[in-house]
Each structure stands twice: as C-alpha cells, then as structure tokens.
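Heads up: the structure comes next, in structure tokens.
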Amino acid sequence: MSHTGDQPALPLRTKLDRLFEFGRSRDEPERSTADVAGTVSQLLGRIVDPEIIDSARSGDLLDLPAEIADALADVFAVDAMYLRETGEEVTRYDLVLQVCILIRDRGLRVAFRAFNLDTVALQELVALIENECPVPQTAAGSAARHHDLTAFP
C-alpha cells in the first residue's frame with residue numbers, strides 16, 4: 001500500500017466498517033460477516049473464513065490479501081482501490097461513501113456530481129448533511145441496494 005500527502009491513511013478497519021454501513025438499505029441492519037464471507041467465497045470459488053474479515057474489522061489484521069480485497073469491493077459494488085490503496089483519492093472516495101450513506105439514512109433525494117468535488121468540499125458536504133438534515137423518524141422509502149461508484153475517476 002502506498003500513502004501520499006499530509007492526511008493520515010484510512011485504516012483498513014475504518015474502510016471495512018464504512019463498506020458494511022454503505023452496503024445496507026436504510027431500513028435494514030448491516031450484513032453479517034459470515035454472509036459477506038459466503039459471498040466472497042462464491043466469487044473466489046473457495047472458502048473464505050469470516051474470521052479474516054472480522055480480524056480486519058477489529059484492527060488485528062492491517063492488510064487483506066489482494067484477491068479478498070478485490071472480492072469485497074465487488075460485494076459492496078465499490079472500486080477495489082478503496083481497499084487496496086491509501087492517499088488523497090481514497091480519502092475522497094471515503095467521503096463520497098459517507099455522503100451516500102447520509103443521503104440514504106436521511107431519506108434525501110439529491111442529484112450532484114460528488115466526483116467533481118475536492119476533499120474539503122466533500123468534508124463540508126458531510127458536515128452539512130450531518131448537522132442540517134435530521135434522520136427521519138419513519139422508515140418509508142428505502143434506497144436502492146446497488147450503489148455504483150465504480151466510475152469514480
């Protein structure tokens with residue numbers, strides 16, 4: 001993994017926690033590690049022990065084998081670079097995920113090109129949504145399950 005710039009690298013555990021949060025519908029709990037490991041196993045054509053994902057989420061494992069990282073990215077429909085790299089682009093990507101999570105959880109309907117925003121603008125957008133858009137009390141209108149961020153530049 002490489003890291004550039006002044007920002008600290010996002011730990012793998014933070015990235016995985018973000019993906020589990022991102023990969024659920026508004027009215028549903030996160031998928032279990034066993035369920036995700038089962039899907040990864042199907043993608044790879046071999047058994048992947050859920051413990052490897054649990055260890056990474058707890059911070060005991062700092063890096064995942066590339067094939068597991070790539071399969072996890074596929075499971076959550078995100079760019080594999082998010083789990084395999086560090087640096088400014090990963091930070092931006094993480095902020096886009098945060099924006100998507102906030103929009104979903106607050107039941108907002110927003111059309112924007114987040115990919116054209118710099119890191120500071122994305123951080124400000126996250127703070128704005130967190131502070132100014134309350135979480136609805138009812139669970140009406142769940143968001144779609146598939147999130148296509150693979151076109152991230």
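Between Glu51 and Glu88, what's the calculated FRET efficiency when r is the beta-carbon distance and R0 is 35 Å? Round to 0.05.
It comes out at approximately 0.65.
Quick check for you: with a 1.4 Å probe and neighbouring chains kept, what is the accessible area per residue of region 45-92, in Å²? Walk me through the intermediate numbers first.
Working: 2190 Å² over 48 residues.
Value for region 45-92: 46 Å² per residue.
What FRET efficiency comes out for the pair Ala77/Leu128, r = Cβ-Cβ distance, R0 = 22 Å, nearest 0.05?
Computed FRET efficiency for Ala77 and Leu128: 0.30.
Towards the positive end of the charge dipole of region 1-108, with charges on Cβ (+1 Lys, Arg; -1 Asp, Glu), say which of Ile52, Pro65, Met81 has the farthest Cα.
Projecting each Cα onto the dipole axis, the largest value belongs to Met81.
The values are calculated or read from the model by the stated rules, or taken from the named source; none is laboratory data. What you see is a predicted model, and the numbers here were worked out from it, not measured in a lab. Don't worry about glycine lacking a Cβ; one is built from the backbone with ideal geometry, like all the others, and counts go over all protein chains shown. All accessible areas refer to the heavy atoms of the entire protein, side chains included, with ligands and DNA or RNA removed. Shrake-Rupley method; radii C 1.70, N 1.55, O 1.52, S 1.80 Å.
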